[in-house]
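Reviewing the structure listed below.
Each reported figure results from applying straightforward, stated rules to the coordinates on display, with no laboratory input. Note that the structure is predicted; figures quoted are calculated from it, not measured. Positions of Cβ are backbone-derived with ideal geometry, glycine not excepted, and every protein chain shown enters the neighbour counts.
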Amino acid sequence: MAEPVTSSYGSNPYYTNDRDFGDFSDHVTVWIDKHIGAENTYESIKTKFHDNIQVLQSNNPTEHEIDDESMLCADQDMLKKLSDQVYCLKYFSTPKQGLQYIHDNPHKKIFFISSGTIGEEVVPQLVGLSQIQGIYIFCGFISKHAEWAIDYAENISAMLEHQDDLLERLTRDIALYVETKGDQHKEKQELLKARNCYAWAIKLLNRGKMLGDNGTAKLIDRITKKLDEVHSSPICPSEG
């Protein structure tokens, strides 16, 4: 569970256990790259990725319309602070740092990105971990890394040479994972959590569409139907 972010107006967390927006999903993206992982470098790329995959923020009025009312009513400054803790990108410049974070957070579901060279070292250490949701190799020349990568073809989600292709694929995969979290909450009758997860998934898929993902329409329709179903169901009193 995310650490409660406290308001400057008091010591109580701005959300209750029922509305712990940092605990509705459990995913995070880990990117290991000696260049991108360094501080104060490639800020435009980092900002672009953050803005595209962070579900706790809305980038335009249309996204505000998608957000669940419970999130719209939350303290937006606190949500912004929380967005640096959960559902975000964690950058590391060395395999040791990145692997340490993964091992220190066994409850997190990891979407993993690395260069081809680092991937050759790290991917063999990831394939046995159930927390790994996706492995993405971002490199300039795929053919250069095909020899080692072929041994992990069933584990590597994609090998990509362009950052926009990487972001498009990553955004879709996170959206589909968040949809499954919504399904789990719905099954448990945690309808407020389900509503938020479905709304987040739709928001992510719309962002992917803007990046050029032409396969989002049916996915958005499917998740919208699920969202409509939970909207028509009464929320348990404990979810308020």
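Structure notes:
- Considering only L56, A146, S25, and ranking their Cα positions along the charge dipole of region 20-232 that arises from unit charges at the beta-carbon of Lys, Arg, Asp and Glu, the one farthest toward the positive end is A146.
- Label point at L129 placed 7 Å out along Cα→Cβ; residues across region 19-41 whose backbone nitrogen lies under 14 Å: 27-33
- Hypothetical label at D84: residues of region 25-44 whose amide nitrogen lies under 19 Å (7 Å Cα-Cβ projection): 28-31, 37-44
- Sequence-distant lysines (8 or more away, or on other chains) whose Cα lies within less than 21 Å of K225: K181, K186, K188, K193, K203, K209
- Angle in degrees between helix 191-211 and the longest Cα principal axis of the chain, rounded to the nearest 10: 50 degrees
- Partners for K34 among lysines (Cα-Cα distance below 22 Å; same-chain residues under 8 apart left out): K46, K48, K90, K96, K144
- Full extension of the chain segment joining S233 with K96 gains 44.6 nm, where the gain is 0.36 nm per residue of separation less the Cα-Cα distance.
- Going from the fewest other Cβ atoms within 10 Å to the most, the residues S130, S58 appear in the order S130, S58.
- A viscosity of 0.890 mPa s and a temperature of 25 °C, combined with the Kirkwood radius over Cα pairs in Stokes-Einstein, give a translational diffusion coefficient for region 20-232 of 138 µm²/s.
- Cβ-Cβ FRET estimate between E121 and L176, R0 fixed at 25 Å, reported to 0.05: 0.35
- Taking each residue as 0.36 nm, the span from A146 to N59 lengthens on full extension beyond its C-alpha to C-alpha distance by 27.6 nm.
- Subtracting the Cα-Cα distance of K34 and H103 from their residue separation scaled by 0.36 nm leaves 22.9 nm.
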